[in-house]
Amino acid sequence: MRYLIWTLALVASIVNCGEGAGPNIKEDGRIYVENSWREDHPDYGPWIRARLEKVDEQLIEGELKPIPYGKGPIEITIQPVPGGATAVVHIRTVRWRTLDWHLPFVIDGSIVIRITGMVPDAHDLRYEVRSYGR
């Protein structure tokens, strides 16, 4: 009986050692932006605009996409970004003046960048990043 318990413990430890072993392969993903900061202006529309600017060293052409308040995450990618790549997201905010941010993210699955605030004088964009669809 004692040998059976030791044998089962040894088998369990070997099986557990296999988990997580090997390279950590990052997943391809899409990028979404959500405006949780400020309601849209009645005449000028959303205060936030965003686009995918660069993936690794490849520049991505495209216009800034309006990110309306309270509409949920808006996708700014046209196709999935390869896992492990560094994606630079260009976010523009318009309030008293126009400010631009260029935020880098290493892709490991789809993400949502949730804009929660801004301090224009400090040139400080407040945001949270979370996985999307997991």
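Any read-out appearing in this document is the output of simple, stated calculations on the displayed coordinates, not a laboratory observation. These figures come from a predicted structure and were not determined experimentally. Heads up, the Cβs are rebuilt from the backbone with ideal geometry, glycines too, and the neighbour counts pull from every protein chain shown.
Some points to look at:
- Total formal charge among the other residues, if their Cβ is under 11 angstrom from that of residue 70, Lys/Arg +1 and Asp/Glu -1: -1
- Modelled this way, with points 7 Å down the Cα-to-C-beta line, the labels at residue 24 and residue 94 are 4.0 nm from one another.
- Working ranking of peptides 46-52, 116-122, 34-40 by packing, defined as the average number of other Cβ atoms within 10 Å per residue, highest first, is 46-52, 34-40, 116-122.
- Sparse-neighbourhood loop sites, GluC sites (Glu not before Pro) in the stretch 49-134 - DSSP loop, at most 13 other Cβ within 10 angstrom: 57, 61, 63
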